[in-house]
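Have a look at the structure below, then the notes.
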Amino acid sequence: LFIKIHIENSLKYTLQGVDLYTKLFLTPWEAALGTKVTIASIDEEVSLYVPQGIESGEKVRINGKGYHNGKAGRGDLIAEVQIMVPKNMKEEEKKLFERLKEISTYNPRKIYDWFVFWKKHNLLWFMK
């Protein structure tokens, strides 16, 4: 006799094998500076260090906090970073962002353009 159990994904978690996937929402300043956050696993709250410079789409793995595999082991909890920009800012927040815009030389579009150029001309041999 075999019993097949189908576990449905929730709004908070997606199950892939024994690994649980969830979203980790961060502010732009938390992503830029790094932070320590608390994230809910299926059975407890877990503290997690987020390194500075993390980007949307990157994943942070928390070992052993996923689904039980039925053999005394567990999968991992994998949190995908989603950076959230505030829609309604206080005047002081706007001024800080304006100041950052004035002093920063960081431009991700230029970095991407260089990457495309190097890839087009097969200059990324060192990444293979």
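The values are calculated or read from the model by the stated rules, or taken from the named source; none is laboratory data. Everything quoted here is computed from the prediction, not taken from an experiment. We place every Cβ from the backbone using ideal geometry, glycine too, and count neighbours over all the protein chains shown. We work out accessible area using only protein heavy atoms, side chains counted, and drop any ligands, DNA or RNA first. Shrake-Rupley method; radii C 1.70, N 1.55, O 1.52, S 1.80 Å.
Key figures for this structure:
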quantity: Largest-first ellipsoid semi-axes for region 1-114, taking √(5λ) over the Cα gyration tensor eigenvalues, angstrom; calculated: 37, 15, 13
quantity: Nitroxide proxy distance, nm - points 7 Å out along Cα→Cβ at Ile3 and Ser56; calculated: 4.3 nm
quantity: Area accessible to solvent at Thr27, 1.4 Å probe radius, in Å²; calculated: 40 Å²
quantity: Chain lengthening between Ile42 and Gln16 when straightened (0.36 nm per residue, less Cα-Cα); calculated: 7.9 nm
quantity: Solvent-accessible surface ranking, highest first, for Arg109, Arg61 at 1.4 angstrom; calculated: Arg109, Arg61
quantity: Cβ-defined net charge surrounding Lys101, 11 Å radius [Lys, Arg +1; Asp, Glu -1]; calculated: +1
quantity: Asn63 paired with Arg99, simple spin-label distance in nm, labels 7 Å along Cα-to-beta-carbon; calculated: 4.2 nm
